[in-house]
Each structure stands twice: as C-alpha cells, then as structure tokens.
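Quick note: the coordinates plus some simple rules give every number you see, no bench work behind them. What you see is a predicted model, and the numbers here were worked out from it, not measured in a lab. Positions of Cβ are backbone-derived with ideal geometry, glycine not excepted, and every protein chain shown enters the neighbour counts.
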Ligand SMILES: [Zn+2]
C-alpha cells in the first residue's frame, strides 16, 4: 500500500485559490508562477513561447539522478491538471514540508511544464492557434508548442513522463455506473503493445497510482484506450524509452470544475515523486496495472428524464430522454437520445412517469417584459416555454434560464438533437418546464439541479 503523504486535509491548505474554474488561461496561472519564481527551490526557465507569443515555462526542482517530466494542457480546453501543478508548487514550497522535500530533492530531478498550449487555453479549444492538435504533432513537429515539448524531452532525457489531460465526462469505469474520475495509461510504443523495460516501469508506477485511488476514491479509476497512436506524444515518448504515463482527469458527480480530479492529480504527483525517488514502485506486480478496468465511453448521460409520456400520430409511449447540457452555456442543451435508456446512468435523473410531453408555445415580445418569478411561472403555466423577438425587451429578474428562438421550439413530440426546451404536464396542467436542459418545478418555483453536470 502506497504511503499517502498529501492528505485531503493538507490538500485543502495548499490548494491554490482562484483556479476553481471550468477553464484556465495563462492569465490565471501567471500570478502563481510569479509568486514562486523567486523561490530558490525552483528554477524557472522560459522554454519559449506559443505561436501567438505567450510564454511557456519549465520549472526545475531537485537535483537527483532520476528524472521526472510532467506537462499539462497540451489540449487548451483541458486545464484540470494545470491547477494541480500549481497546487504541487504550493505543497513543495510549504515551509512545513521541508522534511518531506529532503527525502527526495537529492534523489529526483523534477521538471514541470504547465500549460503547453496557452493559445488554445485562451480560445477554450483543444487545438493550438494554427488549428493543429499538438498531441498529433509528435512526429511532424510543426507547432512551436510541440517542438518545445520534444526539445524538453531530448534535452532533459527524463526517466519518467507524466502526460496530463482531461477526458470527457461521459466515461464509466468498466461495467460499473461510476464516472471515470481518473484514467491512466502506460501508452504503447508499437501496434503489438509490447512491454519493454521502460513501459514496465510505467505500469508499475501506475500500480502505485491504483493503490492511491483505491484508498482515496475507490471505483473511479479507469484505464484509457491502449491502442497505439503513432502521432501522439505519449506513445512517441514511450518509444524513446521514457516510462510515460497518461493521466486523464474526468467528471465526478456534483463537480462541474473537476476539483475532485484536480485534488487526485496533486496527490498522484506527490506520490509519484516519492515512489520514483524511493523506487517503491518496483514492488508492484504487472497484474495491478492489468486489473484496472478500461474506460467505457458514452456510458453516462448528463440528464435522464425517465418514462415521459409522448404521442406521435396516435402512438403513445413512455420513453426515456437523455439530455446533453451545454456546459457554461457554451452551446444549447440538446435531446441526445430517446427510447429505452435503462442501460445508462447519469449525473441527474428525473422520474417523469406521471407526466407527458407538451410542446411549449412561443411568446412573441412586442414590448418590455419584466420577468419576475410570478410572471415567469404564469407564462409557463399558460403553455409558453420560450420567447421570440428582441431579446433586449426582457428583463430577467430570476436566475432561471430564458430561452429565445425565433424559429420556435414547438415540435409536437421530442426529437433528437432538438434544443432541450419543452413543458411536462399532467391532466391538471403544466407541472415542470425544461428550459435549455434545466428542470424547473413550477409548484416549488425552483430549478431541480444547478447548471452543469
Ligand atoms: Zn487531451
């Protein structure tokens, strides 16, 4: 069993404030980097800059013979581990951690490269500013960011590499209904997925990670798809003899900004430094790695509305609806699937077995409308679910979503890929309104779940 040096309580003390956000940009981490830059424990070097000119830093810590490289956010919209690297800097530099630091500073040389893709981060996109997926540029090396990462690997010659990403929130662990909050992989270096000495070491260190996860959050660790990906950095580094580990941060119930995965990343980083320094990982059998269940894709839905009554040309049915939310209003919430969806689990579930679908009417705005709770509820009871006309005419005094559509969202029955805005009624009238994926209970005058996952 792995020693867990960074407890949850300690983590709360060193957790960097201001980073509990869905998306981090360079401006979010620049003050944290600046704060640590003068610390003699850390050696900051500007590696270079992104295509659009934002600095990319490397931070060296320790003088030991075993070298560990960790980099984050080569996909701009995957910032969870960048926050974890800031937390790690706080933990390493904490005055009360001197004794802990002294156990490994002479054993390990740690090099961190946070936010490899600051341009993609600023644009909230996976790609760099040239539209290239940096993690498919390991062979072509046409992006300045990818070139820098390869240069680091060639100059530093790390023994271990931690490749830190986010994965979508719809994966489950194996056959379970649990979200994959963390997934790991020792990437293959060829199609045969051969295991050479460096890959074996990566698998053994993952064995220690599995122990930590079993202790911290049992059941939420999955293994990422291990198909060889020739153009990717992890697989390429693996082929260069670096013991490479992919760590993917995923979703968790009631955790929109992946703060659970962030904390686990920090704990995994701390543990990895220790395990590499003490060579503890060498005790792990490969069966520990092999026993981690694979990620199951598209297993978890954002919202499941169960057993809603619908009628199409006289054919009545009770169906389940799966909704996909547009996180942070990035896009409209949509109906993703219809039918018997009993094989899926979800972040939010709603029993509609007493309710039937009712198309909402369009309320055409002609003059100013003050939308307080009473007025809004009355409109919904009268069968309106959305508005058309000049959006500026509405003054929304509630914190409920207001849906606009000039085309109208009046389909007589739910349809795939349609925006998730309609009414749910009994014989007595409208009881619930689905407003861009958010369920409003009319009698309670409240949303049933917060925006997000
Ligand atoms: Zn990624």
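Here are a few things to note about the model shown:
- Among the residues of the stretch 199-231, those identified as touching a strand residue (DSSP E or B) at 6+ places or on another chain (Cβ under 9 Å), within 23 Å of residue 74 (Cα to Cα) and surrounded by fewer than 21 Cβ atoms within 10 Å (Cβ to Cβ) are 225, 226.
- Hits in the stretch 252-277 - residues which are in contact with a helix residue (DSSP H, G or I) (Cβ under 7 Å, 6 or more places away or on another chain) and on the phi > 0 side of the Ramachandran plot: 258
- Single unsatisfied condition, residue 21 versus (1) crowded, with 19+ Cβ neighbours inside 10 Å; (2) away from the ligand (no atom under 16 Å from the Cβ); (3) not in a helix (DSSP H, G or I): (1)
- Condition check for residue 128 on (1) within 18 Å of the chain's Cα centre (by Cα); (2) assigned to a loop (DSSP other than H, G, I, E, B); (3) within 13 Å of the ligand (Cβ to nearest atom): one failure, at (1).
- Extreme residue, nearest to residue 279 (Cα to Cα), among residues of the stretch 132-165 that are assigned to a loop (DSSP other than H, G, I, E, B) and within 16 Å of the ligand (Cβ to nearest atom): 138
- For the stretch 287-324, residues that are surrounded by 14 or more Cβ atoms within 10 Å (Cβ to Cβ) and not in a strand (DSSP E or B) total 5.
- Counted as qualifying within the stretch 50-121 are the strands (runs of 3 or more DSSP E) with 3 or more residues that are within 15 Å of the ligand (Cβ to nearest atom) and within 25 Å of residue 28 (Cα to Cα), namely 66-72.
- Qualifying positions in the stretch 97-107 - free of Cβ contacts under 8 Å to residues at least 12 places away in the same chain and under 31 Å from the mean Cα position of the chain (by Cα): 97
- Checked against (1) part of a loop (DSSP other than H, G, I, E, B); (2) crowded, with 18+ Cβ neighbours inside 10 Å; (3) within 16 Å of the ligand (Cβ to nearest atom), residue 236 meets all criteria but (1).
- Residue check, residue 341 assigned to a loop (DSSP other than H, G, I, E, B) and touching a strand residue (DSSP E or B) at 6+ places or on another chain (Cβ under 8 Å): yes
- Identity of the residue in the stretch 166-201, away from the ligand (no atom under 16 Å from the Cβ) and not in a loop (DSSP other than H, G, I, E, B), that ends up nearest to residue 259 (Cα to Cα): 179
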